[in-house]
Amino acid sequence: MHIPSIAAIALTSIVLSAPAISQEKAGAHSGMHGSQSSPGKMSHGSMQSSPDASKAEFEHQFLDTMAAHHQSAIEMAQLVEKRSSHDELKQMAKKIIDDQQDEIKQMTEWKNQWYPDKGDAINMKMPGMAESMKGMSVEKLEASTGDPFDAMFLDMMTRHHQGAVKMAQSALTKAKHPEVKKTAQKVIDEQKKEIAQMSKWKKEWRLATK
C-alpha cells in the first residue's frame, strides 16, 4: 500500500517541477541572447559589453564594437523602404546598408585573422558607442510611417552616425594596422557627409520630431 503512494508522490513532483525547469532554461537562453551579438534583431537600448572587453587590445575592441554599431544602423536602415515618404532617404538607406555590410564583412575578416579565438570584445564604453545607442528604438520606428517616421529616423541615424564618427576618430590614433585606420577615415568621411545631408533634409522637408 505504501509503495504506490510513494510512486504517486514522486510522479506528481516530477510533473509539477517540469514547467519550472522549462521556464528556467528558457530564461537562461533568453538572457544569453540578450547579452551577446546575434544574427537576429538587436536590442539597441539594452546592448551590453562583452565580458572583459576592456581588457582586450584596442583594435580588437574597435573591430567588434564598430561591427555591432554598424549592424544596428543596418537594422534601422532596413525599415526605410516601406515606411519613408521620401525617395532620397530610401536611396541613402540602401547605401548605408550596402556600405556597412561590406565594412562588417571586412572587419570580421580582420578580427578572425588578427585575433583568432579571442572571443567578442564589444565595449559599450568606447568613444561614441553608448551615446549613439541612447534613445534608439527600432520598435518606435517600426510603428511609424511617412513624415513621422522620417523625422524620427533622421534624428536617430544622425545621433548614431555621430557616435560612429567619434569612435572612428579614436581609431585613427590608437589602431595599429593601417587598413583599420583607412577604414576609420572612410567611416568619418562618409558619415559626416550623411549627417550634413540628413540635417539639410530635415529642414527642407520641415520635419519635427514629436
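Just one of the listed residues (Leu207, Leu154) is at pLDDT below 95, closer than 19 Å to Leu79 by Cα and not β-branched (Val, Ile, Thr), namely Leu207.
Scanning the stretch 184-210 for residues that are assigned to a helix (DSSP H, G or I) and open to solvent by 80 Å² or more (accessible area, probe 1.4 Å) yields Lys186, Lys192, Lys193, Lys200, Lys203, Glu204. Of note, Ala121 satisfies the criterion of being over 25 Å from Ala196 (Cβ atoms), of a type outside the set (D, E, K, R) and either without any contact (Cβ under 8 Å) to a residue 60 or more places away in the chain or touching a helix residue (DSSP H, G or I) at 6+ places or on another chain (Cβ under 8 Å) (or both).
Checking the stated criteria, Asp150 turns out to be of a type outside the set (Ser, Thr, Tyr), more than 30 Å from Trp110 (Cα to Cα) and either under 19 Å from the mean Cα position of the chain (by Cα) or assigned to a helix (DSSP H, G or I) (or both). It is to be established whether one or more residues within the stretch 173-181 are closer than 17 Å to Lys125 by Cα, out of contact with any strand residue (DSSP E or B) (no Cβ under 8 Å at 6 or more places or on another chain) and not acidic (Asp, Glu). Checked the stretch 173-181: at least one residue is closer than 17 Å to Lys125 by Cα, out of contact with any strand residue (DSSP E or B) (no Cβ under 8 Å at 6 or more places or on another chain) and not acidic (Asp, Glu). Counting residues in the stretch 134-147 that are β-branched (Val, Ile, Thr) and out of contact with any helix residue (DSSP H, G or I) (no Cβ under 7 Å at 6 or more places or on another chain) gives zero.
The values are calculated or read from the model by the stated rules, or taken from the named source; none is laboratory data. This structure is a prediction, so every number in the text was calculated from the model and none was measured. Here the Cβ is made from the backbone with ideal geometry for all residues, glycine too, and neighbour counts use every protein chain on show. Note: areas computed on protein heavy atoms with side chains; ligands, DNA, RNA excluded. Shrake-Rupley method; radii C 1.70, N 1.55, O 1.52, S 1.80 Å.
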